[in-house]
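First the structure, then my questions, so here it is.
The values are calculated or read from the model by the stated rules, or taken from the named source; none is laboratory data. These numbers come from a predicted model, not from an experiment. FYI the Cβ positions are ideal-geometry reconstructions off the backbone, even for glycines, and counts take in every protein chain you see.
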Amino acid sequence: ELVIFLNPTSSYLENGGTIEIPHPLDSLYQEVELAMVIGKKVRDVPESTAMDYVGGSTVFIL
């Protein structure tokens with residue numbers, strides 16, 4: 001099952017940045033995710049060549 005999760009660029013935090021927890025919350029739930037970076041424009045690509053379009057991968061905390 002294909003699942004796409006998108007965060008707007010306004011939600012990104014640079015390395016070493018401070019995470020602000022809004023009041024009245026006292027904690028946040030986070031997950032570690034693997035992200036695939038699409039390296040070029042793509043549409044209707046067969047599964048057999050899909051990895052040709054991956055420009056890289058990274059790990060991030062969600």
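For segment 20-47, which positions are within 15 Å of Ile61 (Cβ to Cβ) and modelled with pLDDT of 80 or more?
Glu31, Val32, Glu33, Leu34, Ala35, listed by residue number.
Looking at (1) modelled with pLDDT under 90; (2) touching a strand residue (DSSP E or B) at 6+ places or on another chain (Cβ under 9 Å), which is the only condition Tyr53 fails?
Going through (1) modelled with pLDDT under 90; (2) touching a strand residue (DSSP E or B) at 6+ places or on another chain (Cβ under 9 Å) one by one, Tyr53 breaks only (1).
Pull up segment 19-62, narrow it to residues that are β-branched (Val, Ile, Thr) and not in a loop (DSSP other than H, G, I, E, B), then point me to the one that is surrounded by the most Cβ atoms within 10 Å (Cβ to Cβ).
Going residue by residue through segment 19-62, those that are β-branched (Val, Ile, Thr) are 19, 21, 32, 37-38, 42, 45, 49, 54, 58-59, 61.
Okay, now just the ones that are also not in a loop (DSSP other than H, G, I, E, B), so 32, 37-38, 49, 54, 58-59, 61.
Values: Val32: 8, Val37: 10, Ile38: 11, Thr49: 9, Val54: 13, Thr58: 9, Val59: 8, Ile61: 9.
Among those that are β-branched (Val, Ile, Thr) and not in a loop (DSSP other than H, G, I, E, B), it is Val54.
Kindly indicate whether Ser11 is modelled with pLDDT under 85 and either over 13 Å from the mean Cα position of the chain (by Cα) or small (Gly, Ala, Ser) (or both).
Values: modelled with pLDDT under 85: yes; either over 13 Å from the mean Cα position of the chain (by Cα) or small (Gly, Ala, Ser) (or both): yes.
Considered against the rule, which asks whether it is modelled with pLDDT under 85 and either over 13 Å from the mean Cα position of the chain (by Cα) or small (Gly, Ala, Ser) (or both), Ser11 comes out as yes.
Identify, please: which residue in segment 14-38 is among the charged types (D, E, K, R) and farther than 22 Å from Tyr53 by Cα and is, among those, nearest to the chain's Cα centre (by Cα)?
Per the criteria, the residue is Glu31.
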